[in-house]
Amino acid sequence: MKRLTLPEDKAREIAESLWYRHIDNTVIAVVQDYETKDVLMVAYMNKEAVVKTLTTGLAHFWSTTRKKLWMKGETSGNVQEVLEFRIDCDRDSVLLIVKPRGPACHLGYRSCFDNVKISPA
């Protein structure tokens, strides 16, 4: 599959069409592996992160704690190539279908949801 890249004007149009949370001007971003369909992580995106993601084809997010834009893998090298960008029906959350280049979790797990699993006995 080919990495998604859009012209900046189209990316800005999409970013402007989303409903951002009033508390921090972000939408929830769910990241899913294109091959396994596993959810890898959940993060937040502001308008700038949406535009960067759509124009570069690499996942960018807004850190609500550090109050800054970051590209997934900018220090670890574990980038996420975006193959699809889906918007939910309320336009207040997005789903990124990605090809991961290494673990998604900062603790080294393939998914942020691999560390703790609770299942029936």
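Read-outs throughout are calculated quantities, based only on the coordinates presented, and are distinct from any laboratory measurement. Just so it is clear, the structure is predicted and the values come from calculations on it, not from any experiment. Cβ placement follows ideal geometry from the backbone for every residue including glycine, while neighbour counts extend to all protein chains displayed.
Summary of computed values
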{"item": "Per-region count, the stretch 61-80, residues within 25 Å of Glu16 (Cβ to Cβ) and either of a type in the set (A, V, I, L, M, F, W, C) or touching a Leu at 6+ places or on another chain (Cβ under 6 Å) (or both)", "result": "5"}
{"item": "Flag for Lys99 being in contact with a helix residue (DSSP H, G or I) (Cβ under 7 Å, 6 or more places away or on another chain) and not β-branched (Val, Ile, Thr)", "result": "no"}
{"item": "Counted residues, the stretch 1-15 - those being surrounded by fewer than 14 Cβ atoms within 10 Å (Cβ to Cβ) and either out of contact with any helix residue (DSSP H, G or I) (no Cβ under 7 Å at 6 or more places or on another chain) or among the aliphatic types (A, V, I, L, M) (or both)", "result": "7"}
{"item": "Lone qualifier among Lys68, Lys99 - being in contact with an Asp or Glu (Cβ under 6 Å, 6 or more places away or on another chain) and charged (D, E, K, R)", "result": "Lys99"}
